[in-house]
Amino acid sequence: MMPALLACLGYGLAITLILARCAPWLRARPERMTMALAAACALLYLPVAGVSLLAVLRGALGDLSIVTLVFLSILFLRRPGPLLPHAGFFALMGLVFFFLSFGLLPLDLYALGYAAAVLPCLTGGLAFLLWLRGWIASSLALLAALAGWRLHWLDSTNLWDYLLDAPLIVVASSRAMFLRIARKPVIKPVIQDAVK
């Protein structure tokens, strides 16, 4: 029951935030955003060919991680801003998992998620470091993932499923690439230099 409710909330938040991005008037009033969230969550339970849209999304993308839910909730509750200043970290972790899933190395990072102490200690330490660096949202997201894992909020018993998911990795990779491209200096065309 809890995983389905969290999935509904997460995908409802994502749909509402996409709508708010396309229609800025929606974000102007908090009650509009709340109504849009309620409508999005209700829409997720409408049957499409005998299956709810929520079931289709969970089947295609899987359950959203607790980290993603926290980030979506923060974006919903405040004005958009730099939420993933270290998007490269999530992108790197996603790429590592992607390449290791092909068996390129004899290392199985996913198995660490079942370990009793290693990954939770690393996650707690990373949350502490992020807190010290001032990345409070990311620190809280990691701590919420640890709490959700201990309380079994999702169907999985692997901590990685509480920390990472496909949509988070795609968004983080896109943001990291966009930030990298945006930081490159603008190169003047050769023709303009020749004219001067």
* **G12 vs. criteria touching a Cys at 6+ places or on another chain (Cβ under 6 Å), surrounded by 12 or more Cβ atoms within 10 Å (Cβ to Cβ) and not hydroxyl-bearing (S, T, Y)** => yes
* When residues of segment 153-176 are filtered for being modelled with pLDDT under 85, more than 9 Å from the chain's Cα centre (by Cα) and not charged (D, E, K, R), how many remain? -> 3
* Could we say that L37 is more than 21 Å from D155 (Cα to Cα), outside the structural domain of V171 (by TED's automatic domain parsing) and either part of a helix (DSSP H, G or I) or under 15 Å from the mean Cα position of the chain (by Cα) (or both) here? -> yes
* **In segment 40-66, residue modelled with the lowest pLDDT [restricted to those that are buried (at least 16 other Cβ atoms within 10 Å of the Cβ) and in a loop (DSSP other than H, G, I, E, B)]** => G62
* Structure fact -> Scanning segment 1-20 for residues that are assigned to a helix (DSSP H, G or I) and without any contact (Cβ under 8 Å) to a residue 40 or more places away in the chain, the one nearest to D63 (Cα to Cα) turns out to be L5
* To do: For D155, state whether it is surrounded by 19 or more Cβ atoms within 10 Å (Cβ to Cβ) and touching an Asp or Glu at 6+ places or on another chain (Cβ under 9 Å).
  => no
* Does L26 count as surrounded by 14 or more Cβ atoms within 10 Å (Cβ to Cβ) and at pLDDT below 90? -> yes
* Of the residues L69, L140, L129, L146, which is at pLDDT 80 or above, over 19 Å from the mean Cα position of the chain (by Cα), assigned to a helix (DSSP H, G or I) and over 18 Å from S174 (Cα atoms)? -> L129
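The values are calculated or read from the model by the stated rules, or taken from the named source; none is laboratory data. Quick caveat, the model's predicted, so the values are computed rather than measured. We place every Cβ from the backbone using ideal geometry, glycine too, and count neighbours over all the protein chains shown.
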